[in-house]
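Asks: Dumping the structure here so I can ask a few things about it.
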Amino acid sequence: MQLKNIIYIDYEKVYSLSSQLFEGVIQSAMEHKESTLSNIDAVEIKTKSSSSKTSDTKKISTVLNPHDYHYLKFENELSKRGILSNITSPIDSNKIKANCFVKITCPIQFNDYNKLKNTAKNFCKTNYAINFVHRNDELESLESMLKSIKPKSNEFNIIKARQAEIKSELDNLTSPNQKKFFEHLSSVLDYAYGDEIEISQKMQDIKFTSFLIRDFLKISPEMFVKLYSRRTTSAFTVVGMITRTSTSEGNQESEARELNGIRSAVWNMNDSLFDLESTFCAPDSDEYFIEPIAVYNEL
């Protein structure tokens, strides 16, 4: 058996789909005990009880806690039933349909929009700081030379001019127009993508894009980038459901609505919002959007 290094699991989706696949995963709950309560070990239940001082009434709380083991059983069941399409090269387009389960294994590109918008917002400040640190040794060297040279001499003036040139170059990195541009870019990214994490895989000329829920990552985005890079060289597997395709987007045309009341005005506004969001969020040609259930690499 090949071990899987799982970096992402949507536990809520695993539990929801497992309960349907296995026709209900919770059979009973026993007080003060922790056990696997399913004929196929689909989910682990932790129960605890508490009683008040003034009453013998006991409250039992149940905590759903599926683990990696349960996910593996879920994926195996999808494969056994023939409803998980393993996408390999050359790609069989008949396997890629909306609302079907897919499994794609190839290198990924990792895009953390929260990092992008913060980088854009602080771009001028960070760019200035990086360049200042890079040029600091030269500035200190020039300052030291000035102390050993007679003031207002020709050599002194040359060094002062060089100092002024470097400071001017640094100041140009934070011009008001440039600062305003990156602040507005950050606002656009925040509006369009929020705190989303997006990963993309490319096989042949087809792109598969998955959107991750930040709370379901097993390691931080920063740690992932340090360990694997934003463009990984090793292959990762994404298991999930196809949600949108470029071909399906072409059929969604807004209806012309007459303004005969508040509701029709609201729907017109909603149509405009759809058109705006399409500029940010619609899949490109030969691109598929995936709702991911798990992401892992095999060891």
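Asks: Looking at (1) in a strand (DSSP E or B); (2) among the aromatic types (Phe, Trp, Tyr); (3) modelled with pLDDT under 90, find the lone condition where Phe156 falls short.
Replies: Phe156 satisfies every listed condition except (1).
Asks: Could you run through the range 169-199 and say how many residues are farther than 30 Å from Ala294 by Cβ and β-branched (Val, Ile, Thr)? Walk me through how you get there before you give the answer.
Replies: First, the residues of the range 169-199 that are farther than 30 Å from Ala294 by Cβ: 169-188.
If we keep only those that are β-branched (Val, Ile, Thr) as well, we get 174, 188.
Looking only at that region, the number is 2.
Asks: Still on this structure, I have one more. For the range 202-299, please list each of the helices (runs of 4 or more DSSP H) lying entirely inside it that holds at least 2 residues being at pLDDT 85 or above and among the aliphatic types (A, V, I, L, M).
Replies: Details: elements: 221-228, 246-249, 262-281.
Once the helices (runs of 4 or more DSSP H) in the range 202-299 are filtered for at least 2 residues that are at pLDDT 85 or above and among the aliphatic types (A, V, I, L, M), what remains is 221-228, 262-281.
Asks: Looking only at the range 110-163, which residues are charged (D, E, K, R) and without any contact (Cβ under 8 Å) to a residue 60 or more places away in the chain? It would help to see each step written out before you state the result.
Replies: Initial filter on the range 110-163 (charged (D, E, K, R)): 112, 115, 117, 121, 125, 135, 137-138, 140, 143, 147, 150, 152, 155, 160, 162.
Residues satisfying the conditions are Lys125, Arg135, Asp137, Glu138, Glu140, Glu143, Lys147, Lys150, Lys152, Glu155, Lys160, Arg162.
Asks: Shifting gears a bit: Between a residue in the range 164-175 that is assigned by TED's automatic domain parsing to the domain that holds Asn136 and any residue that is surrounded by 14 or more Cβ atoms within 10 Å (Cβ to Cβ) and of a type in the set (Ser, Thr, Tyr), which pairs come within a Cβ distance under 7 Å, given they are 6 or more apart or on different chains?
Replies: Final answer for the pair search is Leu170/Tyr128; Leu173/Tyr128; Thr174/Tyr128.
Asks: Do we find that Lys103 is touching a helix residue (DSSP H, G or I) at 6+ places or on another chain (Cβ under 7 Å), in contact (Cβ under 8 Å) with a residue 60 or more places away in the chain, surrounded by 15 or more Cβ atoms within 10 Å (Cβ to Cβ) and charged (D, E, K, R) in this structure? It would help to see each step written out before you state the result.
Replies: On the way: touching a helix residue (DSSP H, G or I) at 6+ places or on another chain (Cβ under 7 Å): no; in contact (Cβ under 8 Å) with a residue 60 or more places away in the chain: yes; surrounded by 15 or more Cβ atoms within 10 Å (Cβ to Cβ): yes; charged (D, E, K, R): yes.
No; evaluated as a whole, the condition is false for this residue.
The values are calculated or read from the model by the stated rules, or taken from the named source; none is laboratory data. All values derive from a computational prediction rather than experimental measurement. Glycine also receives a Cβ, built like all others from the backbone with ideal geometry; neighbour counts cover every protein chain displayed.
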